[in-house]
Amino acid sequence: MCPDKSIKLNRVMIAAMKSGSGKTMVTCALLQALKDRGQKAVACKCGPDYIDPMFHQKVIQVPSRNLDTFFTEEQTTRELLLKGRNQGDIAVLEGVMGLYDGLGGIREEGSSYHLAQVTHTPIILLVDAKGASRSIIPAIAGFLAYDHAHLIQGVILNRTSKACYQLLKPLLEKELHIKALGYLPQQKEFHIESRHLGLVTPLELKGIQEQLSTMSRQFADTVSVEAIMDIARTACPLALPEEHLPPLSHKSARIAVARDEAFCFYYEDNLRLLEEYGASLQYFSPLHDKRLPDGCSGLLLGGGYPELYARELSANISMLTSIQQAISQGMPAVAECGGFMYLHSAIRTPDGTLHPMADVIPAVCTYTGKLVRFGYIQIKEKQSRFLGENQSIKGHEFHYYDSPTNGDACFATKPVTNNTYSCIIEGENYWFGFPHLYYPSNPAFPRRFAEMAHNYAERNQETLYGAGDKNCSHRNHRGR
């Protein structure tokens, strides 16, 4: 029975048996094929990954957000899926790792399958069929047997030939009663490179739009997009989210957000929550701009690859000075991972070169040659500043660089092992550390940050805006 107030969001998940099966390429190809048919496509990425949503947004130019059943409770996850969506949209959810791989590799929570369950989303299983033929049938049968909610509605075979697919299609449909939706031949030219933090970002790949455009045409030739749309239409309506009306009085909170090639890791829902709490976001580039935007009263330095641009960042002395002065003068600031590294005295790259940075944190960040910390965490403050008393916020770590000064203002707990360690350099109005935070897991954090920025603006109006320009705080400067 459908909820009284609901939205019919057509949707489907592209999932796989394992990582490296081609989910990102197939998801992008499908999104482009849907756009080419005049469909209003939107995307979601299962899990904490930043780079896949960048492919959805920057290359295919469709709205994309992260959904993660570790980060948020079931109802919140469904609300985030529907947030900003309209009747008639078609959402493509891109899975993470293997379909059933969740927390610690053993729990259902955080897996693609759990997200599909929570959002009642039909699944299309992408099968890497290279080097196999009939052997894939029992493998798929095992995945179907494990699908107790009967969500898997079709399969696509990747890296196989037309002849092999034509032989397997009737067997799959007869023996497994599953729709064989098509195949993709192996094509070496369609490949997205990886590095230590995952895929290379689309900003770094020459000709990626042309590659994906060609891939999309190939996809439409050998995979039934209409059959996928039919499966997406079977998804049941979801209840519209309740109206959560946060206070919108803090219109003088103007937060400068670092966003360029070096700092590009942001959860879209984090940024939107800051706006909902009254902050005006002003994007700027630590690489290319000379100083912070005029009139800003808060600073957000996200993650990314500052180590790849260490020489250029170090050479931009006026920006480093601007940021150092703003923080020393008490401007509220949050820095995560790459942004945290940028605030150090220097970054030492693998070749041994020392690149001076903002010198807010008197220590050197150094490449370790191995993964320092990886995975989900839950963070609690030892003294309440950004969160309520005894509250926590969820996040994720994934970094190969380390610092001798990681902070001890908070403690992080791993969800499966319950191992705990100290983290975060924190004061009354700043939060610096390696963990990436997911704000919807505790909206108290962005609300408090926006309030800090508002209060700073109120205290420093003449300095920020000039004596004759105190009412300019409603302007919202959109950057890169």
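Looking at region 447-461, can you tell me whether even one residue there is on the phi > 0 side of the Ramachandran plot and in contact (Cβ under 8 Å) with a residue 40 or more places away in the chain?
Of the residues in region 447-461, the ones on the phi > 0 side of the Ramachandran plot are none.
No: zero hits.
Quick one: is Leu287 closer than 17 Å to Asp359 by Cα, in a strand (DSSP E or B) and either without any contact (Cβ under 8 Å) to a residue 12 or more places away in the chain or not basic (Lys, Arg) (or both)?
No.
For residues that are crowded, with 17+ Cβ neighbours inside 10 Å and within 22 Å of Met341 (Cβ to Cβ), tally how many sit in region 403-429.
Qualifying residue count for the region: 12.
Step by step: first the residues of region 261-282, then only those that are in contact with a helix residue (DSSP H, G or I) (Cβ under 9 Å, 6 or more places away or on another chain) and of a type in the set (Phe, Trp, Tyr), then the one that is most open to solvent (accessible area, probe 1.4 Å). Which residue is that?
Among those that are in contact with a helix residue (DSSP H, G or I) (Cβ under 9 Å, 6 or more places away or on another chain) and of a type in the set (Phe, Trp, Tyr), it is Tyr277.
Considering each of Ala139, Ala91 in turn, give the residue that is aliphatic (A, V, I, L, M), touching a residue at least 12 places away in the same chain (Cβ under 8 Å) and closer than 28 Å to Asn442 by Cα.
Within the list Ala139, Ala91, the selection yields Ala91.
So, of the residues in region 315-333 that are polar (S, T, N, Q) and crowded, with 18+ Cβ neighbours inside 10 Å, which turns out to be farthest from Asp351 (Cα to Cα)? Before the answer, list the steps.
Kept after step one, since they are polar (S, T, N, Q), are these residues of region 315-333: 316, 318, 321-322, 324-325, 328-329.
Filter once more, keeping what is crowded, with 18+ Cβ neighbours inside 10 Å: 316, 322.
Details: Asn316: 21, Ser322: 28 Å.
For region 315-333, the residue satisfying everything is Ser322.
Out of all the residues in region 142-169, which are open to solvent by 70 Å² or more (accessible area, probe 1.4 Å), free of Cβ contacts under 8 Å to residues at least 40 places away in the same chain and more than 30 Å from Cys236 (Cβ to Cβ)?
Gln166, Leu167
State yes or no: is Phe411 part of a helix (DSSP H, G or I), modelled with pLDDT of 90 or more, touching a strand residue (DSSP E or B) at 6+ places or on another chain (Cβ under 6 Å) and farther than 26 Å from Asp294 by Cβ?
Against the criterion (part of a helix (DSSP H, G or I), modelled with pLDDT of 90 or more, touching a strand residue (DSSP E or B) at 6+ places or on another chain (Cβ under 6 Å) and farther than 26 Å from Asp294 by Cβ), Phe411 does not qualify.
Select the helices (runs of 4 or more DSSP H) contained entirely in region 48-150, then report the ones holding at least 1 residues which are over 14 Å from the mean Cα position of the chain (by Cα) and of a type in the set (S, T, N, Q).
74-82, 112-119
Please work out if Ser297 is small (Gly, Ala, Ser), over 30 Å from Ser111 (Cβ atoms) and surrounded by fewer than 24 Cβ atoms within 10 Å (Cβ to Cβ). Walk me through how you get there before you give the answer.
On the way: small (Gly, Ala, Ser): yes; over 30 Å from Ser111 (Cβ atoms): yes; surrounded by fewer than 24 Cβ atoms within 10 Å (Cβ to Cβ): no.
So Ser297 fails the test.
Any residue at all in region 346-362 that is surrounded by fewer than 17 Cβ atoms within 10 Å (Cβ to Cβ), at pLDDT 95 or above, touching a strand residue (DSSP E or B) at 6+ places or on another chain (Cβ under 6 Å) and under 30 Å from Asn455 (Cα atoms)?
yes
Assess whether Cys236 counts as being part of a loop (DSSP other than H, G, I, E, B), crowded, with 22+ Cβ neighbours inside 10 Å and among the hydrophobic types (A, V, I, L, M, F, W, C).
Against the criterion (part of a loop (DSSP other than H, G, I, E, B), crowded, with 22+ Cβ neighbours inside 10 Å and among the hydrophobic types (A, V, I, L, M, F, W, C)), Cys236 does not qualify.
The values are calculated or read from the model by the stated rules, or taken from the named source; none is laboratory data. All figures in this text were calculated on a predicted structure; none of them were measured in a lab. Methodologically, a virtual Cβ is constructed for each residue, glycine included, from the backbone with ideal geometry; neighbour enumeration extends over all protein chains shown. Remember, those area values only see protein heavy atoms, side chains included, never the ligands or the DNA or RNA. Shrake-Rupley method; radii C 1.70, N 1.55, O 1.52, S 1.80 Å.
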